Amino acid sequence: MEKQFWTSSELHNLFLLNEKISRQTLLNAEERGEIPKAERVPRGKIQVRQWKLEQIPEIGARFGFLKKPKKQKVVCVYTPKGGVLKTTYSYNFARMLALNGLKTLIIGLDIQCSVTNYALPRPKFESLEEFESLKKQNLRRLGLYHYLFEKASLDDVIQHTTLPTLDIIPETPDLNVLEKKLRLEPRREYLFKDKLISELSDYDVIIFDNSPSWNQLVECALTASKTIISPIGCDIETYEALETNLSIVFEFQDVMKLEWDNFFLIPTLLEKTNLSQQIYGVYVNSYGNKIVPIPIRRSVKGQEARVLYLSVIEYEPKSTLAQDYYELIRDLWSKILGETTNGA
Ligand SMILES: Nc1ncnc2c1ncn2[C@@H]1O[C@H](COP(=O)(O)OP(=O)(O)OP(=O)(O)O)[C@@H](O)[C@H]1O
Ligand SMILES: [Mg+2]
């Protein structure tokens, strides 16, 4: 179950407020009506203020650490290597933006339903019949294919999450059909840019999570985005394949003449071993201004947060893994907003 209530000291931790304001500031803001009213819950002789999960984005908009962009940002998370935290990173990034009050949409493009399973808790079933009936409902769910080719509306395909500022276009079984259909479409690479992004202007940020294998959906997502984020594992397999993998992406950029604002390599799964540390060192030395030198460490907290459908910073804001995410996302976001520079 997701965490439902938050006290003022928990919000202080979540939004890193100890760095800048006193505990009283939040309570005063509540009394002045600048942030939503908390519930008063008796605890012993005192009353404790508690905010509901859905109220947090409004508090984040006032006291958070990520600023609303002036212009919509479209981000594609992709690397042709499997298991390097693409989905985990997409979800954590999206949720951190949403907690800060930014209206965020995740678009899941992996037929394995990775980010969908992360963002939308799966309904529970108690018998095989119930399971079969849920499976049938799922097969009938409308998705991107129905929106792009069969006149389904965006309302039919966008789903809401537990945060009012975070929506998702989930992965549905029709993604396979869409991928095949795209192969025959003229100007197919521009489909998301022309027919999807153009209709989603209400969102401050749109994030595509992709499958590792190169396909038409990846091409559409890379063409529709201005910021590309490539997580790269600090392990020998990722290291050996990296140059080939990057050349696939850059050749596509070249052929399509895509002008991205940013291209970031994010080192992930860093371990304390010599090998992992050395690989990280080589990445930093070899990829200059493309690399963001704030690695995400290997930690079981990543999976623990996922089981609860939470971002790592909600699950354990004081953990070392949460510190990685805070530092990385704050740095990346300021680069995406153009406050600090990065080589595209
Ligand atoms: N910090 C972490 N350390 C170790 N494992 C983690 C961490 N964070 C998440 N994980 C787990 O690592 C696994 C791979 O992560 P994820 O699914 O995000 O990778 P991916 O790049 O999206 O994979 P795919 O290429 O299959 O789409 C998942 O089981 C995830 O829960
Ligand atoms: Mg994935």
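The values are calculated or read from the model by the stated rules, or taken from the named source; none is laboratory data. In this text the structure is predicted, and so the values were computed from the model without any measurement. Ideal geometry is used to build each Cβ from the backbone, glycine not excepted, and the neighbour counts take in all protein chains shown. Just the protein is used for accessible areas: all its heavy atoms, side chains included, with ligands, DNA and RNA removed. Shrake-Rupley method; radii C 1.70, N 1.55, O 1.52, S 1.80 Å.
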Practice task
Determine if the range 261-274 includes at least one residue that is within 16 Å of ligand 2 (Cβ to nearest atom), of a type in the set (A, V, I, L, M, F, W, C), open to solvent by less than 40 Å² (accessible area, probe 1.4 Å) and not in a helix (DSSP H, G or I).
Solution key: yes
Handout entry: Failed criterion for residue 134 (all others in (1) open to solvent by less than 70 Å² (accessible area, probe 1.4 Å); (2) at pLDDT 95 or above hold)
Key = (2)
Practice task
Could you identify the single residue in 84, 74 that is farther than 17 Å from residue 313 by Cα and not in a loop (DSSP other than H, G, I, E, B)?
Solution key: 74
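Looking at 83, 64, 44, 60, can you tell me which residue is more than 11 Å from the chain's Cα centre (by Cα), open to solvent by 50 Å² or more (accessible area, probe 1.4 Å) and under 19 Å from residue 325 (Cβ atoms)?
After ruling out the rest, the residue left standing is 83.
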Practice task
Given the conditions (1) among the polar types (S, T, N, Q); (2) surrounded by 18 or more Cβ atoms within 10 Å (Cβ to Cβ); (3) touching a His at 6+ places or on another chain (Cβ under 8 Å), report the number of the one that residue 18 does not fulfil.
Solution key: (2)
Problem - Answer residue from the range 285-317, given it is under 19 Å from residue 272 (Cβ atoms) and more than 9 Å from ligand 1 (Cβ to nearest atom) and is surrounded by the most Cβ atoms within 10 Å (Cβ to Cβ) among those - result: 295
